[in-house]
1. Given an 8 Å cut-off on Cα distances and at least 6 residues of separation, report the relative contact order of the chain as a percent.
2. For a protection proxy built on the mean count of beta-carbon atoms within 10 angstrom, sort 580-590, 125-135, 477-487 highest first, please.
3. Once you've got the Cα coordinates, tell me which of Lys242/Lys332; Lys52/Lys99; Lys176/Lys242; Lys332/Lys366 are over 22 Å apart.
4. Report, in listed order, any pair from Lys487/Lys572; Lys120/Lys258; Lys463/Lys572; Lys487/Lys598; Lys506/Lys596 with a Cα-Cα distance greater than 24 Å.
5. Tell me the per residue accessible area of the chain using a 1.4 Å probe; a whole number in Å² is fine.
6. When Rg is the radius of gyration of the Cα atoms in region 91-249 and Rh is its Kirkwood radius, what does Rg/Rh come to?
7. Projected onto the charge dipole of region 326-465 (+1 at Lys/Arg Cβ, -1 at Asp/Glu Cβ, origin at the Cα centre), which of Ser354, Ser393, Thr410 gives the Cα projection farthest towards the positive end?
8. How much of the accessible area of region 72-178, in percent, comes from carbon and sulfur atoms when a 1.4 Å probe is used?
Amino acid sequence: MACVLETPLRMSVLSEVTASSRHYVDRLFDPDPQKVLQGVIDMKNAVIGNNKQKANLIVLGAVPRLLYLLQQETSSTELRTECAVVLGSLAMGTENNVKSLLDCHIIPALLQGLLSPELKFIEACLRCLRTIFTSPVTPEELLYTDATVIPHLMALLSRSRYTQEYICQIFSHCCKGPDHQTILFNHGAVQNIAHLLSSTSYKVRMQALKCFSVLAFENPQVSMTLVNVLVDGELLPQIFVKMLQRDKPIEMQLTSAKCLTYMCRAGAIQTDDNCIVLKLDHDLKHAHELRQAAFKLYASLGANDEDIRKKIIETENMMDRIVNGLSESSIKVRLSAVRCLHSLSRSVQQLRTSFQDHAVWKPLMKVLQNAPDEVLVVASSTLCNLLLEFSPSKEPILESGAIELLCSLTQSENLALRVNGIWALMNMAFQAEQKIKADILQGLSTEQLFQLLSDSDVNVLMKTLGLLRNLLSTRPHIDQIMSSHGKQIMQAVTLILEGEHNIEVKEQTLCILANIADGTTAKELIMTNDDILQKIKYYMSHSNAKLQLAAMFCISNLIWNEEEGSQERQDKLRDIGIVDILHKLSQSSDPNLCDKAKTALQQYLA
């Protein structure tokens with residue numbers, strides 16, 4: 001079918017060729033070299049980002065003329081360079097463009113151009129070759145047809161950062177099997193490319209790294225060589241590990257991980273007893289460092305990508321290795337294992353499956369019993385994820401005495417531990433049974449709750465308010481908790497609404513009031529507190545719509561006319577001016593405020 005369509009398609013394109021396009025090609029044949037140069041420059045500017053113009057020029061025969069000018073020794077270096085630039089731009093169009101360029105034998109012409117002494121021309125030829133070889137329609141074998149090409153490309157690696165970037169990119173795309181790997185290896189690819197990993201250019205480092213990943217793929221010879229290569233005094237595997245750090249771009253992390261994985265599979269780096277050890281005469285310290293690096297590798301890779309997390313967990317014995325790592329004698333290995341677990345715990349799917357299958361919570365709870373603060377911080381953060389309502393680990397963690405442990409963390413001088421302790425309790429309280437909520441309140445104590453609500457750190461304050469909001473959900477629970485702790489909670493709410501806090505803190509506090517107002521008996525604690533009623537009234541007229549809306553929820557819950565005592569509450573709120581404010585808000589330009597106010601007013605009319 002493609003052959004049938006080809007001729008009409010070309011005719012269609014040809015029919016749209018403009019006089020301007022013909023003019024560009026005609027200028028390439030001008031007897032004045034300066035006019036030819038200007039014509040090529042004008043053509044370059046015309047084709048940038050314009051695939052239609054590129055197709056027109058190819059149909060009109062621009063490519064053979066550009067290649068002719070590029071190969072003529074009588075052409076100036078500037079003209080030859082500009083021709084290479086235009087050809088590269090044409091190659092950046094469609095795959096059909098690349099096919100047309102290949103039909104015109106562009107690759108031999110460009111490879112011949114690499115013999116020039118002029119660096120700018122060489123760089124332009126390499127850039128065009130890079131574009132062509134990275135196209136899926138270009139056969140990789142074209143790079144290996146002439147045996148002199150690879151050694152010459154190796155020699156050009158030292159010329160500039162652009163030659164380094166383009167040549168490495170060509171190698172990484174054209175190395176498709178053991179034969180190609182052998183050719184590149186025998187011509188010194190490892191030695192010539194290794195030092196590029198310390199380049200100041202990210203693009204050069206990245207393309208060099210990709211080269212190593214394709215060279216090492218299922219290739220023991222290359223992998224064994226890489227283990228012993230030194231770059232600026234550092235072994236290559238150590239450089240790969242550094243490239244796994246979270247501050248590095250994800251592309252770099254993934255590619256360096258590939259390199260280490262391929263070396264491991266090839267036997268250059270061995271896994272034994274959950275340890276990753278180099279085949280060198282190193283002591284135990286290096287084994288610890290590599291185990292640590294391995295866990296860091298997986299932690300980095302799994303941090304932000306669900307598919308990668310799934311692949312890591314599906315790796316044979318991976319969860320067992322992580323669990324064993326949690327009880328390592330080396331603090332650094334233990335910490336990196338916990339970090340790896342924390343990274344993987346971001347997956348909802350894995351929390352429901354693998355984490356439950358391996359009872360990960362058990363060793364994690366042991367880590368939390370006795371560990372340095374740096375380990376405790378990551379372990380408690382992981383526990384926060386395991387306590388989410390959809391996690392099957394939540395119940396056994398509760399049964400293992402987690403409430404007491406977490407309550408103790410909220411008293412830590414370490415800010416991160418205080419945040420994680422209260423965060424975990426907040427997750428624990430979400431949709432929890434009454435007994436669990438009561439145990440949390442008892443474990444914390446009213447005094448500690450007030451301490452947290454007056455914490456100078458806004459994260460601690462917000463998580464504590466989140467805990468209160470989760471505790472005060474469902475009417476029986478609200479009424480029960482407010483009957484025993486109502487006075488203290490109302491006092492805390494008052495202090496926060498009067499204090500110098502940000503919008504988010506006050507919004508969360510008003511939402512707690514709205515929950516209290518939803519209780520059957522608890523709402524009377526609001527109705528009998530004139531100070532609180534005045535504060536709700538104040539925030540209904542606040543300049544911030546979020547605070548207005550939160551205050552409106554309080555009012556709606558207080559006046560709902562299907563509930564006992566609603567008439568008396570409506571009357572009292574009318575007397576303090578709430579209805580007048582509702583009428584004003586019903587005219588608000590904010591649709592949420594307007595709708596909420598109208599709904600509230602309907603309760604008065606019902």
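The values are calculated or read from the model by the stated rules, or taken from the named source; none is laboratory data. Keep in mind that what you see is a predicted model, and the values were worked out from it rather than measured. As a convention, Cβ positions derive from the backbone with ideal geometry for all residues, glycine included, and neighbour counts pool all protein chains shown. Note: areas computed on protein heavy atoms with side chains; ligands, DNA, RNA excluded. Shrake-Rupley method; radii C 1.70, N 1.55, O 1.52, S 1.80 Å.
1. Averaging sequence separation for qualifying contacts and normalising by length gives 5 percent for the chain.
2. 125-135, 477-487, 580-590
3. Lys176/Lys242
4. With Cα atoms farther than 24 Å apart: Lys120/Lys258; Lys463/Lys572; Lys487/Lys598.
5. 47
6. Result for region 91-249 is an Rg/Rh of 0.97.
7. Working it through, the farthest residue towards the positive pole turns out to be Ser354.
8. That share works out to 52 percent.
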